[in-house]
Every structure is written in C-alpha cells, then in structure tokens.
Amino acid sequence: MSRKPIIAGNWKMFKTVSEAASFFADVKGKAEVDGVESVICAPFTALPSLVEAAKGTTIAIGAQNLHFEDNGAFTGEISGVMLKDLGVKYVIIGHSERRAYFAETDEIVSKKVHAAFKNDLTPIVCVGEKLEEREAGETKNVCSVQTVAAFQGLSASQAAEVVVAYEPIWAIGTGKSSTSEDAQDVIGYIRSVIAGLYDDATAAAVRIQYGGSVKPNNVAEYMGQQDIDGALVGGASLEPASYIALIEGA
Ligand code: PEP
C-alpha cells in the first residue's frame with residue numbers, strides 16, 4: 001500500500017489576510033512537488049482568499065477547526081457546511097491546543113470527525129500524550145484511547161481517508177522533538193490500533209503524520225520511517241522559505 005505523504009502547515013492564530021496572500025504568492029509553484037501533498041491550514045479569515053489563490057495549484061487549503069453542527073445558535077462558530085461552501089478540503093480536529101484551551105473532549109472530536117465527512121472535508125485528527133503521561137509510560141494507552149474515539153462510528157472507507165497526526169504535546173512549539181524512532185514506535189502502534197478496529201488493509205491506507213517541532217532539517221528523518229507519512233507543522237510552516245523546504249524535504 002503506497003500512501004501519499006502529506007505535509008500540513010498549521011498557522012494557528014497567525015497571519016492577516018494580506019500576510020496570507022503574500023505567503024501564498026511566495027510558495028506558489030514552489031511548495032508543489034510531485035508525490036507530496038501540500039496543505040495550508042489557515043485561520044478562518046484567510047480561507048476565502050487562500051482558496052481562490054490556490055485554484056489551479058496543487059496546494060490544498062484546510063481549516064483548523066469546525067463546529068459539529070451544520071448551523072444553529074452557536075455564536076462565533078463555523079460549520080462544515082460553511083467550509084465546504086468555501087472550497088476548503090481539510091480540517092484539523094482535536095489539536096492539543098483546542099483540547100487544552102477549549103475543552104475539546106474525545107466525544108466532541110468524534111462528532112467533529114463525522115461533521116467533516118458529512119461535508120466532504122478530510123479530517124486531520126490530532127492525538128498525543130502530555131509530558132506527564134509519557135513519563136508515566138502512558139503514551140500508547142493515551143494515543144489508543146484518542147484514536148479509538150476519533151474513529152468511532154466511521155465506515156472502513158471513511159476510516160481509510162482519515163489523516164491522523166501524532167503530536168506529543170511536550171514537543172509542540174518547544175523545539176523538543178521526538179526522535180524519529182520513538183515517533184515511529186508510537187505511530188506504528190496507532191496503525192495497529194486502527195487495524196484492530198477495521199483490518200490490515202484499512203490501517204495500511206491511513207496516513208499518519210508526526211507533529212512536534214518538525215523543521216526543514218529534520219523532516220526527512222521522520223519521512224524515512226516506514227509508518228510516518230508526513231508532518232503537521234506549526235512554527236516552521238509560517239515562513240515561505242521554510243514551508244517550501246519542508247515540502248521539498250518530504
Ligand atoms: C502544531 O501546531 O501542530 C505543531 C506541531 O507546532 P510546532 O511545529 O510549532 O511544534
């Protein structure tokens with residue numbers, strides 16, 4: 001089973017509309033490499049212009065969150081219907097910052113994954129352990145619980161489309177990355193959890209990224225591991241030259 005590598009930039013709460021436009025002009029034609037999927041997950045405000053700018057390119061645009069309902073009295077929220085209408089292709093779900101600061105539970109993550117599929121969006125589902133969980137030897141257990149919840153109720157064909165991002169929380173934005181061997185060990189385990197839920201063929205189709213202080217100078221090391229299919233990148237995705245180098249390095 002060959003899985004197309006996927007590098008996704010997570011801009012978090014950075015970049016105005018004009019900054020996003022300038023970034024895109026710089027990466028267009030460069031962060032486009034055969035055999036690597038290039039995704040930019042931007043703040044909601046920058047999505048309409050980025051989707052327009054990305055037309056005719058191979059760069060896909062993603063959101064960083066969605067509400068699980070299609071519409072309703074949810075002040076300040078954005079739904080999958082709205083993202084689909086814009087032409088957005090991907091959506092990050094369950095990022096550790098959302099789990100930590102916005103009380104996003106495994107149950108909410110599951111509802112959001114279903115909302116993504118309902119609206120033809122590909123979910124990039126984040127799982128990963130806190131430092132204290134790692135130190136307590138709980139990494140695999142935590143990732144298993146989060147993975148099982150995220151895949152709850154999905155058909156095998158939907159499951160095969162999910163992108164999982166394994167992001168040890170202690171490595172996000174800290175400059176402390178997991179070794180590629182440790183990341184492979186956990187990601188291989190996550191794949192075995194998915195195989196247990198479905199079957200080997202489905203698990204072999206799922207793309208699993210590593211995330212946590214990935215930079216142009218270490219991306220290739222992660223990509224060299226058999227179960228690692230790309231990276232979810234925060235800080236190093238914000239500068240055009242660095243983003244291009246990440247895509248080239250994959
Ligand atoms: C992230 O935002 O998902 C992330 C991994 O950030 P960073 O690359 O900055 O660690």
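Of all residues in region 209-246, which are more than 14 Å from the ligand (Cβ to nearest atom) and over 20 Å from Lys15 (Cα atoms)? Even if it seems obvious, please write down each step before you answer.
Residues of region 209-246 that are more than 14 Å from the ligand (Cβ to nearest atom), as a first pass: 220-221, 223-227, 229, 240-241, 244.
Matches in region 209-246: Ala220, Glu221, Met223, Gly224, Gln225, Gln226, Asp227, Asp229.
Quickly run through region 211-221 and pick out the residues that are open to solvent by 10 Å² or more (accessible area, probe 1.4 Å) and either of a type in the set (Ser, Thr, Tyr) or touching a residue at least 40 places away in the same chain (Cβ under 8 Å) (or both). Walk me through it before giving the result.
Within region 211-221, the first condition is being open to solvent by 10 Å² or more (accessible area, probe 1.4 Å), and the residues that meet it are 213, 215-218, 220-221.
Residues satisfying the conditions are Ser213, Asn218, Glu221.
Out of Ala103, Ala73, Ala53, Ala42, one residue alone is under 29 Å from Trp170 (Cβ atoms) and either exposed (fewer than 13 other Cβ atoms within 10 Å of the Cβ) or out of contact with any strand residue (DSSP E or B) (no Cβ under 8 Å at 6 or more places or on another chain) (or both). It is Ala103.
Scanning region 12-34 for residues that are of a type in the set (A, V, I, L, M) and under 22 Å from the mean Cα position of the chain (by Cα) turns up Met13, Val17, Ala20, Ala21, Val27, Ala31, Val33. Between Ala231, Ala165, Ala159, the distinction of being hydrophobic (A, V, I, L, M, F, W, C) and not in a strand (DSSP E or B) belongs to Ala159 only. The listed residues are Val27, Val91, Val39, and the only one of them that is within 22 Å of Ala245 (Cβ to Cβ), within 14 Å of the ligand (Cβ to nearest atom) and out of contact with any His (no Cβ under 6 Å at 6 or more places or on another chain) turns out to be Val39.
The set of residues in region 82-100 being without any contact (Cβ under 8 Å) to a residue 60 or more places away in the chain, open to solvent by less than 60 Å² (accessible area, probe 1.4 Å), more than 9 Å from Ala63 (Cβ to Cβ) and part of a helix (DSSP H, G or I) consists of Arg98, Arg99. Considering the conditions (1) open to solvent by 30 Å² or more (accessible area, probe 1.4 Å); (2) under 25 Å from Ile78 (Cα atoms), Asp34 is excluded by exactly one of them, (2).
For region 56-70, taking the residues that are of a type in the set (S, T, N, Q) and open to solvent by less than 60 Å² (accessible area, probe 1.4 Å), the one that is nearest to the ligand (Cβ to nearest atom) is identified as Gln64. Annotation: of all residues in region 118-148 being open to solvent by less than 40 Å² (accessible area, probe 1.4 Å) and under 16 Å from Leu66 (Cβ atoms), the one that is nearest to the chain's Cα centre (by Cα) is Ile124.
Are any of the residues in region 193-201 within 15 Å of the ligand (Cβ to nearest atom) and open to solvent by less than 30 Å² (accessible area, probe 1.4 Å)? No - not one qualifying residue is present in region 193-201. Quick one: would you say Leu86 is touching a Pro at 6+ places or on another chain (Cβ under 7 Å) and over 15 Å from Gly234 (Cβ atoms)? Criteria met by Leu86. Of the residues making up region 172-189, those that are within 16 Å of the ligand (Cβ to nearest atom), crowded, with 17+ Cβ neighbours inside 10 Å and either of a type outside the set (S, T, N, Q) or assigned to a helix (DSSP H, G or I) (or both) are Ile172, Ser180, Ala183, Val186, Ile187.
Selection of region 172-206 for residues being touching a residue at least 12 places away in the same chain (Cβ under 8 Å) and more than 23 Å from Arg134 (Cα to Cα) yields Leu197, Tyr198, Asp199, Ala201, Thr202, Ala203, Ala204, Ala205, Val206.
The values are calculated or read from the model by the stated rules, or taken from the named source; none is laboratory data. Remember, predicted model here, so these are calculated numbers, not experimental data. Methodologically, a virtual Cβ is constructed for each residue, glycine included, from the backbone with ideal geometry; neighbour enumeration extends over all protein chains shown. Protein only, heavy atoms only, side chains kept; ligands, DNA and RNA dropped before computing areas. Shrake-Rupley method; radii C 1.70, N 1.55, O 1.52, S 1.80 Å.
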